[in-house]
1. Can you pull out the helices (runs of 4 or more DSSP H) entirely within segment B:224-294 that have at least 2 residues that are more than 8 Å from every other protein chain (Cβ to nearest Cβ) and of a type outside the set (Asp, Glu)?
2. Give just the number: which of (1) surrounded by fewer than 18 Cβ atoms within 10 Å (Cβ to Cβ); (2) more than 14 Å from chain A (Cβ to nearest Cβ); (3) free of Cβ contacts under 8 Å to residues at least 24 places away in the same chain does B:Gln175 not satisfy?
3. Would you mind stating whether C:Asp187 is in contact (Cβ under 8 Å) with a residue 24 or more places away in the chain, part of a helix (DSSP H, G or I) and either within 14 Å of another protein chain (Cβ to nearest Cβ) or farther than 25 Å from C:Arg105 by Cα (or both)?
4. When you look at A:Leu483, is it aliphatic (A, V, I, L, M), more than 11 Å from chain B (Cβ to nearest Cβ) and assigned to a loop (DSSP other than H, G, I, E, B), yes or no?
5. So which residues in segment B:48-72 are of a type in the set (D, E, K, R) and more than 7 Å from chain A (Cβ to nearest Cβ)?
6. If we only count strands (runs of 3 or more DSSP E) wholly inside segment A:200-315, which ones have 1 or more residues that are at the interface with chain B (Cβ under 10 Å from one of its Cβ atoms) and at pLDDT below 95?
7. Looking for whichever is hydrophobic (A, V, I, L, M, F, W, C) and under 28 Å from B:Ser217 (Cβ atoms) here; the options are B:Ala179, B:Ala123. Which one fits?
8. Among the numbered conditions (1) farther than 21 Å from A:Ser458 by Cβ; (2) charged (D, E, K, R); (3) assigned to a helix (DSSP H, G or I), tell me where A:Glu190 comes up short.
Amino acid sequence: MTRRTRRSRTVALAATAVVIALGATACGGSSSDSGSGTPGKGGTLTVLNKADFDHLDPQRVYTTEGQSMDQEILRTLTGWDESGSKPKLVGDLATDTGTPSKGATVWTFHLRHGVKYQDGTEVTAQDVKYGVERGFSSDINGGPPYAAQWLVGGSDYKGPYQGKQLDSIRTPDRYTIVFHLKQPVADFNETTTMTGWSAVPKAHDTGSTYDTKVWSDGPYMIKSYTKNKELVLTRNTYWSQATDPIRQQNVDGIDVKFGQDESAIDQQIKADAGTAQTSIQQWPIAGSDLAQLAGDPSLKSRYYKIPAPGINYLAINTTRVKDIHVREAIEYAIDKTTVRGAFGGSAYGDYATTMLSPGIGGYRKFNLYSANPAGNLAKAKELMKQAGNPKPTMSIAVENTPTEEHFADAVKTSLEHIGIHVNISPIDASNYFSTINNTKNQYDLTWGDWIADWPNASTVLPTLFDGRLIKKNPQSNQDLSYLNDPKVNALIDKAATMTDVAQRNATYGQMDEQILKDAAVVPLMYMNFSDMSGSKVGGVISDTILAEPSLVHVYIKH
Amino acid sequence: MFRYLIRRLLAAAVIMLVITTITFFIFFALPSDPALLACGKTCSPSRLAEIKHSLGLDRSYLTQYWEFLKGLFAGRVFGDQSVRIHCGAPCLGVSFQTDTPVLTTLLSDFPADLSLGLGAAVAFLVLGVGLGTVAAVRRGRAADKAAVGVALFGVSVQIYFIGLLLLYLFVDKFQILPASGYTPITEDPAGWFQGLILPWTTLVIVYLAMYTRLTRSSMLEVFAEDYMRTARAKGLPAATVVLKHGLRAAITPIITIFGMDVGSLIGGSAVITESVFGINGIGKLAVDSVQNSDLPVILGTTLFAATFVVIANVVVDLVYGLVDPRVRLA
Amino acid sequence: MSVSTSPQPADVAPAPAPFLDVRDLKVHFPTEDGLVKSVDGVSFTLEKGRTLGIVGESGSGKSVTSLALLGLHKGTRAQVSGEIWLDGRDLVALPEAGMRALRGRTVSMIFQDPLSALHPFFTVGSQIAEAYRVHHKVSKKEARDRAVEMLKRVGIPQPERRVRDYPHQFSGGMRQRAMIAMSLVCDPELLIADEPTTALDVTVQAQILDLIRDLQEEFGSAVVIITHDLGVVSDVADDILVMYGGRRIEYGTTRDVLKQPQHPYTWGLLQSMPHLSGDVGERLNPIPGTPPSLINLPDGCSFHPRCAYKGWVPQGRCPAERPELRLVSGSERHLAACHLSDDAKQEIRVGAGPDDRGPAAARAAQ
């Protein structure tokens, strides 16, 4: 499901700018200012999405849209309180953010009392255990791999449906759950903010069809859900504000409509008429509309530019482009201003010089290459000279969308300046990642993007640059640089065993720098995602973890 | 007649078998792997193998194909772990993506396509034939040029453009219509109609051109026929001559094309219109299924669309027999 | 007008107005290449109960004349001038609505090819009934009964059954009978038959002609038969009008025209006529050359490029001077437009033809 996973929320460039432009000239500044309404209870929020969620099943969902929607329906062990200036990790189902053992291999969480499902029964530690366990079944696929990677016995466990339990999850009583891990995981309590670490009552588990029957312990429950058409959420009357530090229950219901064209959605919300006034979008604004809408002052109060913990980059295949000088020359040569232009301009994101983006634990500001984002051709040419002035021809893999093909052209133009000829290989967008992640298909340059699962370098660098994984997962290789640098690998192992967060983050910063020293990748932009809501939607929080407009405090202005 | 029908249906079954076979094997020739997609972004080979097994993709293509065909007639049961999904005959399989029997999804999407396709088809047939007739009668004069001009406009604009423009004008700017979309007619007939006005209009604008031109040229051909002179010589009023004697003969070639258009429209070919107006029909389902490598849905939507095109063909032949007494269905 | 408008000399005391009186009819079609003068000054008269045969090659203007009689040029690009007096009304001046009321009822027409002239998608019965209902306020049932009656009248066996048949289920002769039934369903006063037998087998031709004659006797209609075949009209017509290039070249009673043909073109027509009594294998003599362009008619006599006898006319008058339509000497109403002198014609007729062939005219008149 790469198309919609956290990895690649690529904003497709559709050929619709003309209509939006037409809308802008015809009704410039017509946006009615009904924003003076006051917060209150009641009303229905409409969510306009171009496509259905990959899953709502908490153990399967891996898209930001689905995860954000699940926050309304269910609760996780820990969660992010984003009402302040920085995201704060808090206990959600759990009373606090968990207790690690010395060495961080055993994590204990105590559950709140009185958290109730939609039928009034109480959420128990056994339900959380069962929920995590079911994610091991091959039927419950698509979700993140962390439980299987870390829990003792996880690599052999096949889920609870044949009656077996996973012994490394212990539930000494109704309100206590203990996880035994194979290795130290210092930020395990950040992993547990993901929906996989939520409760599923065995009696209401419908296996692979659970997507439409998720049993709610959050403020809203599923009233009806027709796949690819409409999801209707209504209040869960058993939910209690007193037990929930993150969510509110302001609106009466949420009506999610799927299937409209993304430009039509942008246009509708921009025009702010009828139900559009109480609507919001979860998919980001279409690339073609972005520059236009980002610059419209009349939309300012209902335009959300959300920095994502993500990076848009160009991987240089280190096994094919072996000469470090050539790779460094590429780092200097690429004109990031034209590259960003292809992706939608400044609204898309800031120029990147590191693989870790500023919101991520482990981020350290540094720039090894050109200070000017437009590049430094003199330096690049000098490096090429050092490399003996080869005139190589390189392939670049991009999605076959207009956006990415413009991007490829920008790269091609930059590299021609230093005598590198570039052949563009556009790959069908829906099969892009399954193609490039297969080690059978290697290119000299490969476009990629990555959003962290939680804002820590541990979900970015080890996944993208641990060269020892290439052989292990030949069909789902994430190391697009094919970097297998012993120095990087050693830092990965070192960070993994560290329990002190500050020390660990410092190690990740070092790792980031080492990767860029290897010139294995050209970081292009730290990504932003932009969404809009109607003028009567209030309480939208910028969720910088998911890069989604968070709905946990949403209300309708009256 | 009856024998003719049987023969046509048998031929249709063979065609559909061929289409299914081709679709099936093309799918496996594609680089995408549904198991890999389902597996997620960091997928270990062992997990991948398990998912392959649970999706039934670990068996040989021939076995899978045979299972699919068997399911069509005998039904199948899917899933062996978390849940058992019963898929009764004719079973088109169960979606990899939603774990829903494909036929259930198709049938729930079908009313939207039927409403969209039939409604638009009736409108563009009536308008196109009307405009074409006017153009033919007023050949070379202002009305002809206007009709041909309108038709030319329709054929040169893109659905995508015209759809978004209509949405912008009628929904966003002047707010004459509510947001478009599909409401079942059984729930709210007025809402059904309002939600479909713009999609219908879009399709009409795009299809009108062809029907206008076709009617015009067909009419002009008929006008030159001796029997049209006979009709006038009888003293029939001009309207009767044109509409009864002329249209009756001119409509035959139009029926063929109309049949194919209706068949493919309600079979889900109005993908872009569906997408622009947020109508979740079979066209969108088909496109999504290809993007998600959802083989059962790909097969299902292909078969479904093929069924309608084939049915449309048979219906066209039958209607031909009714319209033109010279055509004998023997 | 120097040319008389009817076979009667213009100075004869006014007789009661003829039933059909066509005067100086012109039908011109503007085209990109120029003005096509399909009919260029044609006049004739016809009384009720009488039959006129209009004879000519294709392109001579005979069919265009017949369509003018039905007013079918109205609403087209055709420019129609002259007068068509029918029972005291000038059809040329009549507006379309008035003309429509007459079509099918007062004036009706039998078309050349019944297969293409009948609508393929409607039953024979419904097409006949439609022609009746458009002029009579009757129920569908009554109109249908009338159709059956008409089919019976034109000699179609089992008319009750055949009324439900489609044209393609009829044989050629039956189709023409049905066509005749349709044109007679409203008892028209003027019946125009445009090549009524051309598309039919020889054996059926005679039957159809007999039928038209019988029905004419029964109804007392005036009949115009249009044909390229003098043989067709020789039996049924009272008068014959020979047209060439949109103009009259010979006009008179059937007896006069066939026995004393005055124009070389008429001779040619007579020669090219198949004759049942002729020797098997005898070669017909089609008129050499092709019909003239109706945009640029040849100067002088428009037939002169094809005329074998123009050498008989002194001083090259044929290519220079257009012959007047003159009364044939010794005849009351036999008109012809030819420069040949009577003596010359006499000489030619006794066998001094250019190719030493005996004129077929005598044979035809036997």
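1. Working: elements: B:226-233, B:247-264, B:271-276, B:282-291.
In segment B:224-294, B:247-264, B:271-276, B:282-291 are the helices (runs of 4 or more DSSP H) which contain 2 or more residues that are more than 8 Å from every other protein chain (Cβ to nearest Cβ) and of a type outside the set (Asp, Glu).
2. The single condition B:Gln175 does not satisfy is (2).
3. On the way: in contact (Cβ under 8 Å) with a residue 24 or more places away in the chain: yes; part of a helix (DSSP H, G or I): no; either within 14 Å of another protein chain (Cβ to nearest Cβ) or farther than 25 Å from C:Arg105 by Cα (or both): yes.
Considered against the rule, which asks whether it is in contact (Cβ under 8 Å) with a residue 24 or more places away in the chain, part of a helix (DSSP H, G or I) and either within 14 Å of another protein chain (Cβ to nearest Cβ) or farther than 25 Å from C:Arg105 by Cα (or both), C:Asp187 comes out as no.
4. On the way: aliphatic (A, V, I, L, M): yes; more than 11 Å from chain B (Cβ to nearest Cβ): yes; assigned to a loop (DSSP other than H, G, I, E, B): yes.
So A:Leu483 fits the description; yes.
5. Just the residues of segment B:48-72 that are of a type in the set (D, E, K, R), to begin with: B:50, B:52, B:58-59, B:67, B:70.
Scanning segment B:48-72 gives B:Lys52, B:Asp58, B:Arg59, B:Glu67, B:Lys70.
6. On the way: elements: A:220-226, A:230-235, A:253-258, A:279-281.
Passing ranges, in order: A:220-226, A:230-235, A:253-258.
7. Working: B:Ala179 fails: under 28 Å from B:Ser217 (Cβ atoms).
Criteria check complete, one pass: B:Ala123.
8. Unmet condition: (1).
The values are calculated or read from the model by the stated rules, or taken from the named source; none is laboratory data. Keep in mind the model is a prediction, meaning the values are calculated, not measured. Using ideal geometry, Cβ is built from the backbone for each residue, glycine included, and neighbour counts are taken over all protein chains shown.
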